[in-house]
Amino acid sequence: MSLLRLEHIGRTYDMGHVQVQALHDVSMSVERGEMVAILGPSGSGKTTMMSIIGCLDRPTQGRYELDGTDVGSLNDGALARIRSRTIGFVFQSYNLLPGTSAVDNVATPLLYQGVPRRERVKRATAELERLGLGHRLRHEPTELSGGEQQRVALARALVTQPALVLADEPTGNLAVHQGLEVLKLFQDLHDAGHTIILITHNPEVAAVAQRSVHLLDGAVVDGELAA
Amino acid sequence: MSAIELIRLALSRLRRGRVRAALTMLGVIIGVASVVGLVSVGRGTTARITDQLSSLGTNLLTISPSGGGGSTSTLTLDDATAIAAVPGVAAVAPEIQTQAVVATSTSNTTTTSVVGTSADYLTVRAYEVWQGTFLSRIAVDQGLRQVVLGATVATDLGLGAEAVGSQVTIGGLPFEVIGILQPKGGAGFANPDDEVLVPVGVVRKYFVGGTGIRTVGVSVADGYDMQAARDSIAELLRVRHGIGTTDTDDFQIFDQTQLLAAASTISGTLTLLLGGIASIALIVGGIGIMNIMLVSVRERTREIGIRKALGARGRDILSQFLIEALTLSLIGGLIGVLLGLVVSAVIGRIAGWGFIFDPNTIAVATMFSLAVGIVFGVWPARQAARLDPVIALRYE
């Protein structure tokens, strides 16, 4: 069974007098253990895709099933629960909590799962050490390089052992060699069996994935062909 | 999320913005400190007023003729004698008063009240003798020209302890000084130490004619009901004055406890008023908290978006911001209580009623500051909780 399945998904924003169709009749599915890139230029609806797949937003048309659950029928609390248990986010701008140490940043998703503090710190520390940041545990985001911040963000996405890692332009803010390092990490994760969706405008980044889904003007152009 | 996690989160947040947190708390600190301080000033004033009124004697009934006093008074010395026989009456002191010049042998003079009374005056009016003795029953019965000086009069005349046994003149007549009273201190309306006391017959004979007397002070024995004693005296006087059951009394009986009750009602209202005014400051402090929390929600929009993406539910965000506001208001409240206690101790010391510690005020002020935190924290917290994660994440 697929981990996630989008059937005829549409997302319309009601801007008062204008209706903006950000996504139009998008269908795709991702199997467990797959690494898929969603590729498209800016304005193609990538961010909206990420929001819907990441359960930050609900589609206005179609059906979205994640890990066997029909997401469209869930309330805000249940969506938060899915984000907490099933999804790990990696953002373009890292989006680490400011003024908060690396270990506390990584421990935050566990906080919302109700894990006790001692265990949170233990697991967060282990995750950071695994990504080679054992010497940066107490550093705050401003004291870390871009590459280190993105690794902290990755550790934060992985600490809950999510079924799906969802990365939005993970190399967008990084220098080339740091970007390559991060992509290497994603490949390692894929090899370790994680399901990963990379959202990017960069075909070179998308090339790391097994297959790419091309978005243009809110619709899938040749999605399943690349498989 | 547990309360401890939330408090830990709030404290770490406040540590990061110490100056802002301190300034925000300042409003609550000032508000709570003024509530605690002003209420204790109110209570101090109340305590002082009731103390002074009690010093006049709490078991005191004052009987006076209604409709004018002096020589036309319907109240007589015989009435006073009769009242002494009423059950429960411990002491009776009739008073006739006039003004006269008192002079010493060294020609120091002062003008003061000359009160003609009985030996019971000391008990009824709750005075104490500092030097010498008070008027004896014999002296009063025989109308001896003896005088007891109030503390202020003794000071005005330059007389000390050695003056007992010396002579002064009152309105030109020589009197023997047999005692000087302890000062009682002013009760606000009159100085009770500015008077001299002589046997009632002497005033009647030399200064004020007629048969009327100005007032009769009655001290009710301990354990007797004031109201019962009062009724008995009223009944006695009505019979003696030949007043029918439907006629109006020609006298009135004034109860010291009534005055006490009235005074404490007034000062209680005053205390409430002061507390009320001070709580305006507290509300302003609360608005300060709301203002800062709203700014904070706006500044931290992105953080809220991140937290939601990481699995925070609306109510996690709501409680996080609410606990932050509560922490601000509660810490501010506790500091305010301490400050208020210091202020009231200082004022109490200066004003002379000492340090009045009232756990109720502190409990109320603390509860009030918590309530301020909730009332003014809920709205910003709801704003935060309702943020759409997609929009919040994109917020720059």
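The values are calculated or read from the model by the stated rules, or taken from the named source; none is laboratory data. On a predicted model such as this, the values are computed, not experimentally measured, just so you know. Virtual Cβ from ideal backbone geometry, glycine too; neighbours counted across all protein chains shown.
For the reader, a short list of remarks on this structure follows.
- Residue match in region B:330-339 (condition: within 14 Å of chain A (Cβ to nearest Cβ), of a type in the set (A, V, I, L, M, F, W, C) and closer than 30 Å to A:Ala80 by Cβ): no
- Among (1) modelled with pLDDT of 85 or more; (2) surrounded by 15 or more Cβ atoms within 10 Å (Cβ to Cβ), the one test that B:Val19 misses: (2)
- For region A:133-143, filtering for residues that are out of contact with any Pro (no Cβ under 9 Å at 6 or more places or on another chain) and surrounded by 13 or more Cβ atoms within 10 Å (Cβ to Cβ) leaves 4.
- Among (1) of a type in the set (Phe, Trp, Tyr); (2) farther than 16 Å from B:Asp78 by Cβ; (3) in contact with a strand residue (DSSP E or B) (Cβ under 6 Å, 6 or more places away or on another chain) - the single one B:Tyr224 does not satisfy: (3)
- Residue ID - farthest from the other protein chains (Cβ to nearest Cβ), chosen from residues in region A:68-120 that are surrounded by fewer than 18 Cβ atoms within 10 Å (Cβ to Cβ) and in contact (Cβ under 8 Å) with a residue 60 or more places away in the chain: A:Gly68
- For A:Leu215, the stated conditions do not hold, so it cannot be described as of a type in the set (A, V, I, L, M), assigned to a helix (DSSP H, G or I) and at pLDDT 90 or above.
- Matching residues, region B:343-369, being surrounded by fewer than 14 Cβ atoms within 10 Å (Cβ to Cβ) and either within 14 Å of another protein chain (Cβ to nearest Cβ) or in a helix (DSSP H, G or I) (or both): B:Val346, B:Arg349, B:Ile350, B:Ala351, B:Pro359, B:Asn360, B:Ala363, B:Met367
- Tally of residues being in contact with a His (Cβ under 9 Å, 6 or more places away or on another chain) and closer than 25 Å to A:Leu189 by Cα across region A:38-76: 4
- Taking the criterion of being within 14 Å of another protein chain (Cβ to nearest Cβ) and in contact (Cβ under 8 Å) with a residue 40 or more places away in the chain, the residues of region B:1-44 that qualify are B:Met1, B:Ala3, B:Leu6, B:Ile7, B:Leu9, B:Ala10, B:Leu11, B:Arg13, B:Leu14, B:Arg20, B:Ala21.
- Flag for A:Arg63 being within 14 Å of another protein chain (Cβ to nearest Cβ) and among the basic types (Lys, Arg): no
- Given (1) surrounded by fewer than 14 Cβ atoms within 10 Å (Cβ to Cβ); (2) within 14 Å of chain B (Cβ to nearest Cβ); (3) of a type in the set (Lys, Arg), number of the condition A:Lys184 does not satisfy: (2)
- Qualifying position, being more than 14 Å from B:Pro199 (Cα to Cα) and among the hydroxyl-bearing types (Ser, Thr, Tyr), among B:Thr133, B:Thr152: B:Thr152
- Cβ-Cβ under 8 Å pairs, at least 6 apart or on other chains, region B:247-258 side surrounded by 12 or more Cβ atoms within 10 Å (Cβ to Cβ), far side among the basic types (Lys, Arg): B:Asp249/B:Arg238; B:Ile253/B:Arg230; B:Asp255/B:Arg230
- Scanning region B:189-243 for residues that are surrounded by fewer than 16 Cβ atoms within 10 Å (Cβ to Cβ) and polar (S, T, N, Q) returns B:Thr211, B:Gln227.
- Residue check for A:Val26: over 18 Å from the mean Cα position of the chain (by Cα) and surrounded by 21 or more Cβ atoms within 10 Å (Cβ to Cβ): yes
- Residue in region B:298-309 that is more than 14 Å from chain A (Cβ to nearest Cβ) and more than 30 Å from A:Val165 (Cα to Cα) present: no
- Of all residues in region B:370-389, exactly one satisfies the criterion of being free of Cβ contacts under 8 Å to residues at least 12 places away in the same chain and either within 14 Å of chain A (Cβ to nearest Cβ) or in contact with a Leu (Cβ under 9 Å, 6 or more places away or on another chain) (or both), namely B:Asp388.
- Residue within region B:265-283 that is over 27 Å from the mean Cα position of the chain (by Cα) and part of a helix (DSSP H, G or I) present: yes
- Elements of type helices (runs of 4 or more DSSP H) in region B:101-216, at least 3 residues being under 34 Å from the mean Cα position of the chain (by Cα): B:121-124, B:151-157
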